[in-house]
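Encoded as structure tokens, the structure appears first; notes follow it.
Each value in this text was obtained by applying a stated rule to the coordinates, not by laboratory testing. A quick note: this is a predicted structure, and the numbers were derived from the prediction, not measured. Backbone-built Cβ (ideal geometry, glycine too); neighbour counts: all protein chains shown.
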Ligand SMILES: C[S@@+](CC[C@H](N)C(=O)[O-])C[C@H]1O[C@@H](n2cnc3c(N)ncnc32)[C@H](O)[C@@H]1O
């Protein structure tokens, strides 16, 4: 069977499943199996697949048809222009989370010192911490997660991106093991409420780690703990930046009522995505 026929068979198979654009998925899986780029697929569409390639492609298509996210099959996701390794131990980095990185860069520039201390809480694949490390060559960056398997993935990403010396990854329940004070605390915490679990895409519910997705009954549990912990661990004038889920802006702002400069950053659809809050200068 040649590449073109194999892809059209896969498109037909995937089109019957409620899992998004079938052609993109079929092409991505073929690129994964052949370790090639899209240009190669088109330039060599008549090329015959070996029996082994055909089997591997069909297996990958079957996994996708059963609802496994594409990124967990290929083991890759792009974020901030870098290729990250992902496994079912970590949340798949979302493009919206790049807003958290941009907001952190903006606040870092305001701090106006190069050697600022930053900590990423709930780092998962390490995408936020590593994006910041790539942009802020002098910053001292730490990244924590409660999941040791997620941290293994994050460390692998650091090595692959040649940033291992730049970010200190360690296990911690929120800021419990963090030492000293920070200029910036950034987090994309689990924020889906159990009460809205049935509204979450099946793929997310069934394949992404529970600890990375759910934040208690209303989705607010981690914010309730992280906000007071951050209050004790920020330098005077330091910033806390958190990604927020749809519809929880108000309760999160309520938790930040003693903070200064509270503002939200909207995503490209105009939905508030990141909440920024500054610690008052005299707070301890
Ligand atoms: C929504 S994911 C974000 C992952 C990554 N930062 C990203 O943006 O793609 C939330 C992460 O928080 C971690 N987490 C959940 N509860 C935690 C806790 N109590 N302390 C530290 N990390 C926690 C999860 O393991 C998961 O990696």
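Here the gap between residue 250 and residue 8, fully extended at 0.36 nm per residue and compared with their Cα-Cα distance, gives a gain of 82.4 nm. Our estimate of slack between residue 217 and residue 181, defined as 0.36 nm per intervening residue step minus the Cα-Cα distance, is 9.9 nm. Label segment 3-67 by shape, choosing from rounded, prolate and oblate, from the square roots a ≥ b ≥ c of the eigenvalues of the Cα gyration tensor; if a/c is under 1.5 it is rounded, and otherwise prolate applies when a/b is larger than b/c, oblate when it is not. Judged from the Cα gyration tensor, segment 3-67 comes out prolate (a/c at least 1.5, a/b above b/c). To the nearest 10 degrees, how steep is helix 22-34 against the longest Cα principal axis of the chain, on a 0 to 90 scale? Relative to the chain, helix 22-34 is tipped by roughly 80 degrees. Measuring nothing but how far apart in sequence close Cα pairs (under 8 Å, 6+ apart) lie, relative to its length, the chain scores a relative contact order of 14 percent. Computed from label points 7 Å out along Cα-Cβ, the spacing between residue 197 and residue 155 is 3.2 nm. Could you calculate the FRET efficiency of residue 210 with residue 54 from 1/(1 + (r/R0)^6), where r is the beta carbon distance between them and R0 is 41 Å, rounded to 0.05? So the FRET efficiency works out to roughly 0.70. Is segment 120-179 rounded, prolate or oblate when judged by the Cα gyration tensor, a ≥ b ≥ c being the square roots of its eigenvalues, rounded requiring a/c under 1.5 and prolate requiring a/b larger than b/c? Since a/c reaches 1.5 but b/c is at least a/b, the shape of segment 120-179 is classed as oblate. Peptide packing: for 98-109, 4-15, 41-52, 169-180, the average count of neighbouring Cβ atoms within 10 Å per residue gives the ranking 98-109, 4-15, 169-180, 41-52, highest mean first.
Here residue 63 and residue 37 are evaluated by their C-beta separation; at R0 = 25 Å the FRET efficiency comes out at 0.70. Between helix 3-15 and the chain, what is the angle of the helix's C-alpha long axis to the longest principal axis, kept within 0 to 90° and rounded to the nearest 10? Rounded to the nearest ten degrees, it is 60. Look at where the Cα atoms of segment 2-74 and of segment 153-208 average out, and the two centres are 30 Å apart. Enter the angle in degrees (range 0 to 90, nearest 10) between the Cα long axis of helix 148-160 and the first principal axis of the Cα atoms of the chain, meaning the one along which they spread out most. Here the helix axis deviates by roughly 80 degrees. Sorted ascending by nearby beta carbons within 10 Å, beginning with the fewest, 276, 195, 36 become 195, 36, 276.
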